[in-house]
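Structure, as structure tokens:
The values are calculated or read from the model by the stated rules, or taken from the named source; none is laboratory data. Please read all numbers here as calculations on a predicted model, not as lab measurements. Note that each Cβ is placed from the backbone with ideal geometry, even for glycine, and that neighbours are counted across all protein chains shown.
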Amino acid sequence: MGGGQPRWVSLSNPETLGYEYDFDAGKPGGELVVTPRVSVVVPTRDRLEKLRCALAGVDSQRFRDFEIIVVDDGSIDATAAWLHTQCSRIRVLTMERPGGAARARNSGLEVACGEIIAFLDDDDVWHPAYLEAQVAHLDAHPMATLSYTDHVEIHPSGRSSRPDTHPLLAYPNLFVRLLAESFIHTMSVVVCRREAFDRFGRFDESFDIVHDLDWYRRVLVGGGSFLYLSRPLVERSVPGGLVTSHRKWFQEERTAHAQAFAGNLADTRHARMVHTYRSLFFARLSLAERDWSFGVVRLAEAFCASPYWTLRIAALRLLRRRRFAHRGIP
């Protein structure tokens, strides 16, 4: 598997510099058209040093049949110059002004050639086995829409931790669990079939933050299916920008949830539980950021929505934290 030539130049390996790829013609060296199996779409803005690490992780992949599309979402640092002068084998799309991650990902999809799309945030890094494992997982389950893996979180101090992504509650289906726990923390752990975007639509560009959540729920509502690979094959940088944008995140998520339940009457009976769960989540996040007023309002909102679910969720989370602490897990 993956015996093809690399689709981008490795800055650390001069031997790859002789490989010419004409992205406009889609032909290496003027020969037969080569269609990559996987298209890697990387949106970026003003994070050149992190982008270098992300692309180095792509270059380390054991699976080699891929192309890379970097969408520069209006960077004002040296990102554009570096990409065009140092990474001539990467397909670079440059946006004149910032349009957000949803627009950047949609732009990458417009030019992607692969039958499988792999998304990568510019501050995350893939393990060398990532694409190999993900493609094999999809190949083994031809009816699945997407596959996602576990990840490791890298904190500013350099400490690493593996987040607990096991369900806290017993959910009636994956749709309700998705809305309650938003268990796919980053698109860097997701690969999906290209045809899924024809079937379920592209990312909703009206959402700056939760366009991925909105797309996942459309996949599930439309009859798509998820695969889970329990190996931690991605390093995710935390805290991300979402932590400091929690108020906007909250507002967007509420809009997305309203749309989700409006189109899924069979699951509206679970809306109160989901509402309570997310209110508690944003309360915890806000209080950690010392946004006291917003956090207290979210706590009150959770209790007013359902005292039962508030107490049950809080108790289960406390028990889980104690269990993890006993096992020495951060």
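Looking only at region 168-175, decide whether some residue is of a type in the set (A, V, I, L, M) and free of Cβ contacts under 8 Å to residues at least 24 places away in the same chain. So that I can check it myself, show each step before the final result.
The initial filter retains those residues of region 168-175 that are of a type in the set (A, V, I, L, M), namely 168-170, 174.
Filter once more, so that each one left must be free of Cβ contacts under 8 Å to residues at least 24 places away in the same chain: 170.
Taking every residue of region 168-175 in turn, at least one turns out to be of a type in the set (A, V, I, L, M) and free of Cβ contacts under 8 Å to residues at least 24 places away in the same chain.
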Tally time: how many residues in region 46-92 are in contact with an Asp or Glu (Cβ under 7 Å, 6 or more places away or on another chain) and free of Cβ contacts under 8 Å to residues at least 40 places away in the same chain? 10
Before we move on, is Gly222 touching a helix residue (DSSP H, G or I) at 6+ places or on another chain (Cβ under 7 Å) and surrounded by fewer than 16 Cβ atoms within 10 Å (Cβ to Cβ)? yes
What single numbered condition from (1) under 28 Å from Arg269 (Cβ atoms); (2) free of Cβ contacts under 8 Å to residues at least 24 places away in the same chain; (3) not hydrophobic (A, V, I, L, M, F, W, C); (4) not in a helix (DSSP H, G or I) fails to hold for Arg218? (4)
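Listed residues Gly158, Gly108; which is over 24 Å from His211 (Cα atoms), out of contact with any Ser or Thr (no Cβ under 6 Å at 6 or more places or on another chain) and either without any contact (Cβ under 8 Å) to a residue 24 or more places away in the chain or not basic (Lys, Arg) (or both)? Step through it out loud before you land on a result.
Numbers: Gly108 fails: over 24 Å from His211 (Cα atoms).
Just one listed residue meets the conditions, Gly158.
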Of the residues in region 15-43, those that are at pLDDT 95 or above and not in a loop (DSSP other than H, G, I, E, B) come to Val38, Ser39, Val40, Val41, Val42, Pro43
Report yes if Ser206 is under 16 Å from the mean Cα position of the chain (by Cα) and polar (S, T, N, Q), otherwise no. no
Tally, over region 181-199, of residues that are touching a Lys or Arg at 6+ places or on another chain (Cβ under 7 Å) and under 22 Å from Ala271 (Cβ atoms): 1
Where residues in region 108-152 are touching a strand residue (DSSP E or B) at 6+ places or on another chain (Cβ under 6 Å) and among the charged types (D, E, K, R), which of them is surrounded by the fewest Cβ atoms within 10 Å (Cβ to Cβ)? Asp150
Hits in region 186-209 (condition: within 29 Å of Gly158 (Cβ to Cβ) and in contact with a Phe, Trp or Tyr (Cβ under 7 Å, 6 or more places away or on another chain)): Met187, Ser188, Val189, Val190, Ile209
Identify, by number, the condition in (1) closer than 25 Å to Asp46 by Cβ; (2) part of a loop (DSSP other than H, G, I, E, B) that Cys113 doesn't meet. (1)
How about region 223-330: which helices (runs of 4 or more DSSP H) wholly inside it have at least 1 residues that are modelled with pLDDT of 95 or more and not β-branched (Val, Ile, Thr)? 246-262, 271-288, 292-305, 307-326
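If a residue must be in a loop (DSSP other than H, G, I, E, B) and among the basic types (Lys, Arg), how many such residues does region 46-79 contain?
At the first step, the residues of region 46-79 found to be in a loop (DSSP other than H, G, I, E, B) are 46-47, 60-65, 74-78.
From the residues that got through so far, the ones that are among the basic types (Lys, Arg) too are 47, 62, 64.
Selection size over region 46-79: 3.
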State whether the residues of region 262-279 include one that is among the charged types (D, E, K, R), surrounded by 14 or more Cβ atoms within 10 Å (Cβ to Cβ) and closer than 20 Å to Asp164 by Cβ. yes
Leu179 out of contact with any strand residue (DSSP E or B) (no Cβ under 9 Å at 6 or more places or on another chain) and either crowded, with 19+ Cβ neighbours inside 10 Å or at positive phi (or both): yes
